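K.L.:
The structure is given below, and queries will be raised subsequently.
The values are calculated or read from the model by the stated rules, or taken from the named source; none is laboratory data. Predicted model only: the values in this text are computed from it and were never measured. All Cβ positions, even for glycine, are placed from backbone atoms using ideal geometry, and neighbour counts span all protein chains on display. Accessible surface is based on the protein model in full, side chains and every heavy atom, while ligands, DNA and RNA are left aside. Shrake-Rupley method; radii C 1.70, N 1.55, O 1.52, S 1.80 Å.
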Amino acid sequence: MKNKVILITGGSSGIGFDTAGTLAKQGHTVYAAARRISLMEPLLDLGVHILAMDVTDKESMEIGVRTVLEEQGRIDVLVNNAGYGYLGAIENVPLEEARRQLEVNLFGLAALTKLVLPSMRERKCGRIVNISSMAGKAVVSFGGWYNISKYAVEALSDALRIEVKNFGIDVVLIEPGGIKTDWGIIAADHLTESSAGTVYEKAAEKEAALFRYAYTSNVLSKPSAVTSSISKAVNSRRPRLRYRPGLGSGFILVMHSILPARWWDALNRYFFKS
């Protein structure tokens, strides 16, 4: 396994933090990027380089990519891990929040990818690892705009994979299931906020309560499950096109693919009492 220069976004917590440290321990040169740079300082002890980067800010992404290229001469792997979720009924979620999810989860990912592709293409070597979700394959109650952003990541990744393969660049999707991170608690709070005082409040509160229980208990998989898949995507000579780590990822996607749409809808309404 040769040393690779890796840039990973969303490095300040959860999956990104865990992955940055793990890849550095494997001997790779890792740059972890996030808005809250202070939260990444413990990674310095592992040899991880840290960058201030906001994936909704073009200038910060340009500076980050330029820094890595100037210091290392190349970027072998880009891990697009930064993500944001604001749950709620389509009717209730403010459009500015819907746009923010698309800006972070889709357009930020696309913009950063566009910045690293020229150097990868020039070297005829590179790998893009996009962190999607089972939410990019199966819509669940009140997932709406988050589902839309992740479905779009799936489509973008499929298109990109076809376009850049002839340049020696691989595109890999990671589609996690239930992973115990702060994301779930934040998403539950957003669901409560967006549904308060509306006709959806009762059903939304039941789902939010389920989220809070799941994400504070030991029911869900640890971030290391996703880290393991990202590690395989980074290190494998010929990585799989998709990895599905974490609780329920494989089962839910299989059920979504075989159940008639009306059955899936009814299952959602029953499970979340909506």
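K.L.:
Let me check the size of region 42-92 from its C-alpha atoms; what are the radius of gyration and Dmax in Å?
P.N.:
Expressed in Å, the Cα Rg and Dmax of region 42-92 come to 15.3, 48.
K.L.:
What residue among A34, A233, A209 shows peak mean-square fluctuation when the chain is described by a Gaussian network model with Cα springs under 10 Å?
P.N.:
Looking only at A34, A233, A209, the largest GNM fluctuation is found for A209.
K.L.:
In terms of solvent-accessible area of protein heavy atoms at a 1.4 angstrom probe, what is the ranking of L39, L95, highest value first? Before the final figure, lay out the partial values.
P.N.:
Working: L39 75, L95 95 Å².
Output order, biggest surface exposure first: L95, L39.
K.L.:
Enter the accessible area per residue of the chain (Å², integer; probe 1.4 Å; all protein chains in place).
P.N.:
On the way: 13200 Å² over 274 residues.
With all protein chains present, the chain gives 48 Å² per residue.
K.L.:
Find out how many positive minus negative residues lie around G27, taking Lys and Arg as positive, Asp and Glu as negative, among other residues whose Cβ is under 10 Å from that of G27. Could you put the intermediate results ahead of the total?
P.N.:
On the way: positive: K2, K4, K25; negative: none.
Charge balance near G27 sits at +3.
K.L.:
Follow-up. Using the C-alpha gyration tensor of region 86-138, what are the square roots of 5 times its eigenvalues, in whole angstrom, with the largest one first?
P.N.:
Numbers: eigenvalues 187, 35, 5 Å².
Equivalent-ellipsoid dimensions as semi-axes: 31, 13, 5 Å.
K.L.:
How big is the accessible area of W183 in square angstrom, nearest 10, if you roll a 1.4 angstrom probe over the protein chains?
P.N.:
Around 70 Å² of this residue is reachable by solvent.
K.L.:
If you take every residue apart from A196 with its C-beta less than 12 Å away from the C-beta of A196, what net charge results, scoring Lys and Arg +1 and Asp and Glu -1? Mind showing how you got there, number by number?
P.N.:
On the way: positive: K202; negative: D189, E193, E201, E205.
Here the charged neighbours net out to -3.
K.L.:
For I258, what accessible surface area do you get with a 1.4 Å probe? Give it in Å², rounded to 10.
P.N.:
110
K.L.:
Next question, about the same structure. Name the residue, out of R36, R237, R99, whose mean-square fluctuation peaks in a Gaussian network model built on the chain with Cα pairs under 10 Å.
P.N.:
R237
K.L.:
Rg and Dmax of region 69-212 over Cα atoms: what are they, in angstrom?
P.N.:
Cα only, region 69-212: 17.4, 56 Å (Rg, Dmax).
K.L.:
Now a separate question. Within the chain, which DSSP H helices have Cα atoms that stretch 27 Å or more along the helix axis and a mean Kyte-Doolittle hydropathy of at least -0.5?
P.N.:
Working: long enough: 144-164 (30 Å, 0.12).
Passing helices, by number: 144-164.
K.L.:
With a 1.4 Å probe and all protein chains in place, put F211, F271 in order of accessible area, largest first. Could the numbers behind the result be given before it?
P.N.:
Values: F211 35, F271 125 Å².
If we order F211, F271 from most to least accessible, we get F271, F211.
K.L.:
Take the solvent-accessible surface of the protein heavy atoms, probe 1.4 Å, and return the percent of it on the chain that carbon and sulfur atoms account for.
P.N.:
On the way: 7390 of 13200 Å².
Its accessible area is 56 percent carbon and sulfur atoms.
K.L.:
While we're looking at this one, here's another question. What are the extents of the Cα atoms of the chain along their three principal axes, in Å, largest first?
P.N.:
The principal-axis extents, from largest down, are 55, 39, 34 Å.
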